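Quick notes on the structure that follows.
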Amino acid sequence: MNQLTATARVSPIIEPRDMRIGDGFTAKHFSEDAFNGLIDPVVMLDHFHMTAPTFAPHPHAGISAVTFMFEDSVGYDMNYDSCGNHGPIHPGDLHWMVAGRGVVHTEQPEGEGFHVHALQIFVNLPAHKKHIAPYAIHVDAKDIPVFRAPGVRVRVGAGESNGVQSPAVLPEPFTLLDGFLEPGASFTHRLPAGWNAMVYSVEGQLELTVGDVHSTIVTARAIGVSATEIQLTSVAGAHFTVLAGPALREPLVKHGPFVMNTAEQMQQTLSDYASGKMGTLSAVPTAPAPVTGKNR
């Protein structure tokens with residue numbers, strides 16, 4: 001049920017779609033179309049666990065494809081892309097691939113006993129940046145600043161919260177928070193005018209207050225919010241993420257890993273990929289078989 005106040009809008013609480021691919025990948029999947037426009041510019045969120053290479057090299061265009069590794073991951077996720085980047089994404093790191101007009105990449109655990117626990121996020125690019133040249137932004141875990149208060153620890157992976165600013169320089173303003181509440185603690189985050197936020201409970205129960213709207217979010221549930229301030233409280237403790245950015249309010253044409261504004265743009269993007277204009281990977285180990293019907 002949508003609830004409306006003078007200052008805030010809140011989506012229904014959304015359950016994910018469970019996904020499993022092979023023996024090494026499981027995910028909780030969320031799509032923007034379930035949130036009544038209230039997580040724009042986020043297009044997709046996968047909360048995933050990966051213990052074996054799963055995805056062959058694949059393209060993206062029109063979005064930023066973001067990997068945020070949780071600190072409890074074991075080992076690393078190795079990134080390869082057609083811009084020439086090749087390197088590990090370690091526990092706690094942020095890797096932000098600005099796909100622009102098109103890029104080919106893959107990320108996979110390499111080594112024995114590795115367990116990648118992470119978010120994969122598709123963040124929409126505005127129409128005027130959908131055809132920029134692709135590039136990558138990487139922030140090591142040690143460089144991600146932390147907001148602390150009694151019973152509160154929030155890693156500011158991107159953007160700003162409570163005066164703490166991430167060093168990530170992104171193509172568009174965006175905030176990514178990775179937060180932990182001890183029992184009874186509360187955390188407040190302010191949103192600029194015109195921004196939406198997606199609040200996701202990684203683990204534990206959250207009490208969300210937005211204006212005079214109150215919602216309870218349990219483990220692996222998410223909610224979309226348009227407001228100027230959100231408050232999160234947990235009776236028993238919780239791990240949460242907040243993804244927030246300015247609403248684009250532009251038409252979406254989605255085709256797997258591509259997000260454009262018109263059908264004509266999508267046809268051109270598909271043609272560009274088929275003709276090799278998005279490049280190839282210069283170095284990549286033996287890859288798994290291509291996964292069809294997948295967004296990643």
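The values are calculated or read from the model by the stated rules, or taken from the named source; none is laboratory data. Note that the structure is predicted; figures quoted are calculated from it, not measured. Cβ coordinates were reconstructed from backbone atoms using ideal geometry, including for glycine residues, and neighbour counts include every protein chain displayed.
Some points to look at:
- On the stretch given as the range 218-229, residues that are within 19 Å of the chain's Cα centre (by Cα) and part of a strand (DSSP E or B) total 5.
- The condition (being modelled with pLDDT of 95 or more, under 18 Å from P41 (Cβ atoms) and in a strand (DSSP E or B)) is satisfied by just one residue among V123, V104, V116: V123.
- Options S73, S11, S64: the member that is in contact with a His (Cβ under 9 Å, 6 or more places away or on another chain), at pLDDT 95 or above and polar (S, T, N, Q): S73
- Among the residues of the range 185-206, at least one is under 21 Å from F70 (Cα atoms), loosely packed, with under 15 Cβ neighbours inside 10 Å, acidic (D, E) and without any contact (Cβ under 8 Å) to a residue 40 or more places away in the chain.
- Count of the range 78-102 residues which are surrounded by fewer than 24 Cβ atoms within 10 Å (Cβ to Cβ), among the hydrophobic types (A, V, I, L, M, F, W, C) and in contact with a Pro (Cβ under 6 Å, 6 or more places away or on another chain): 3
- Test: V154 is over 18 Å from V66 (Cα atoms), among the aliphatic types (A, V, I, L, M) and either over 17 Å from the mean Cα position of the chain (by Cα) or not in a loop (DSSP other than H, G, I, E, B) (or both): yes
- Every residue from the range 62-77 that is assigned to a loop (DSSP other than H, G, I, E, B) and crowded, with 17+ Cβ neighbours inside 10 Å: G62, F70, S73, G75, Y76
- Looking across the range 103-113, the residues that are in contact (Cβ under 8 Å) with a residue 12 or more places away in the chain and either of a type in the set (A, V, I, L, M) or over 15 Å from G87 (Cβ atoms) (or both) come down to V103, V104, G113.
- The range 230-249, subset under 19 Å from the mean Cα position of the chain (by Cα) and surrounded by fewer than 22 Cβ atoms within 10 Å (Cβ to Cβ), residue farthest from G194 (Cα to Cα): H239
- Subset of the range 148-174 (residues that are surrounded by fewer than 22 Cβ atoms within 10 Å (Cβ to Cβ) and either within 17 Å of H239 (Cα to Cα) or acidic (D, E) (or both)): R148, A149, P150, G151, V152, R153, E160, E172
- The range 24-54 - residue that is among the charged types (D, E, K, R) and in a strand (DSSP E or B) and, of those, surrounded by the fewest Cβ atoms within 10 Å (Cβ to Cβ): K28
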